[in-house]
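Inspection log for the structure reproduced underneath, given as structure tokens.
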Ligand SMILES: Cc1ncc(COP(=O)(O)O)c(C=O)c1O
């Protein structure tokens, strides 16, 4: 039997098992959610008044969120408690409101909204499909730069922003990026907060969705973009976003936005046009739950890591075992976050995803990690190992490896 025949047989064996595996989206596993189950009973008819005397049943409480919750969650974005604004259950919703406001009215320091300036946003590739969708549908032209092991390609960013006042900002994930798992280096972060921009209201929209999602016990601290911007004399340039979607319940918790106190004043005024304040009941039960959780937020994130790390280890183990010496693909080995990014050597990513589907494994559609859904090199595959149980991660990765070998063999024969 030739190698190709052996691969075909392995593929047919997977197919005959009528599998239904899914590694398409980065969702927590039920075991992750279970860590936060006490949230559901943290608030009852006896504790609806906060320490500072806010009755969570009534309107007063403010657009910024409960002080107790701001004090607790500022740690997640590595800002001070007066530098955080809380939102409802989704950071994407907050980002969408901020970007929409920027288009219509500008950011703090703009003379007018951006909408009539054919605004452009720099995004990193491979990147997060929902960033692309949101920014593009709002009308931004997306300009891509490569996500490197040190963060956005700063040579490219510096060139793009220097002479084009239509480049209004950069929208990216600074820590354990989706999908590469890369974190911006101190050097690149310095360059970014200090970048000489033609637009005087150039803004760094940093989606720090994975700021506390470490897989290692003693993680290296990521650069503090807001602190650096303050030190560089541009405190209003950075806006950080995050949420508890992968801390407690996905889409069932709090959105977070971190910024200078000057920006807090600007954005709270902007946001209060559309809301009297975010859901206080949700904030209060998060506070009560996390106060009791051993080790607080850090302890909870360590609990998540215990569940997630074996899955990420399994991805590496299978890829190394099956593809280690074949020169068919390269892949990242993240220290945190929710994804592994794999690049095939040959332009066969879409064929791999197609074959995997035939074998009963749903992967993120090819191109999702690029604006307009097209990977110009047809090489990138996002692997999302968090949701399936460990045994399924192993099987799914064996299928991925088999499909990469098969698709590469087909391409070599063609
Ligand atoms: C980088 C990034 N930002 C935001 C989100 C979604 O966040 P939220 O649930 O807070 O809207 C995700 C979810 O996968 C993500 O990967």
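The values are calculated or read from the model by the stated rules, or taken from the named source; none is laboratory data. Keep in mind that what you see is a predicted model, and the values were worked out from it rather than measured. Neighbour counts are summed over all protein chains in view; Cβ atoms, including those assigned to glycine, are modelled from backbone coordinates with ideal geometry.
Computed quantities for the displayed model
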item: Qualifying positions in the range 123-148 - more than 14 Å from the ligand (Cβ to nearest atom), part of a loop (DSSP other than H, G, I, E, B) and buried (at least 16 other Cβ atoms within 10 Å of the Cβ); result: 140
item: Some residue of the range 149-164 being in a loop (DSSP other than H, G, I, E, B), buried (at least 16 other Cβ atoms within 10 Å of the Cβ) and within 16 Å of the ligand (Cβ to nearest atom); result: no
item: Test: residue in the range 166-177 that is farther than 19 Å from residue 95 by Cα and at pLDDT 95 or above; result: yes
item: Boolean, residue 295 is more than 16 Å from the ligand (Cβ to nearest atom), touching a residue at least 40 places away in the same chain (Cβ under 8 Å) and out of contact with any helix residue (DSSP H, G or I) (no Cβ under 6 Å at 6 or more places or on another chain); result: no
item: Residue in the range 193-207 that is closer than 20 Å to residue 244 by Cα and assigned to a loop (DSSP other than H, G, I, E, B) present; result: no
item: Residue within the range 109-128 that is without any contact (Cβ under 8 Å) to a residue 40 or more places away in the chain and within 24 Å of residue 336 (Cβ to Cβ) present; result: no
item: Residue ranges of strands (runs of 3 or more DSSP E) in the range 305-414 with at least 3 members within 16 Å of the ligand (Cβ to nearest atom) and touching a strand residue (DSSP E or B) at 6+ places or on another chain (Cβ under 9 Å); result: 380-383
item: Residues satisfying the stated conditions in the range 240-253, i.e. closer than 14 Å to residue 208 by Cα and either in a loop (DSSP other than H, G, I, E, B) or within 9 Å of the ligand (Cβ to nearest atom) (or both); result: 241, 242, 243, 244, 245, 246, 247
item: Residue tally, condition part of a helix (DSSP H, G or I) and touching a helix residue (DSSP H, G or I) at 6+ places or on another chain (Cβ under 6 Å), over the range 226-239; result: 5
item: Given (1) over 23 Å from the mean Cα position of the chain (by Cα); (2) exposed (fewer than 15 other Cβ atoms within 10 Å of the Cβ), number of the condition residue 31 does not satisfy; result: (1)
item: Among (1) away from the ligand (no atom under 16 Å from the Cβ); (2) under 22 Å from residue 264 (Cβ atoms) - the single one residue 116 does not satisfy; result: (2)
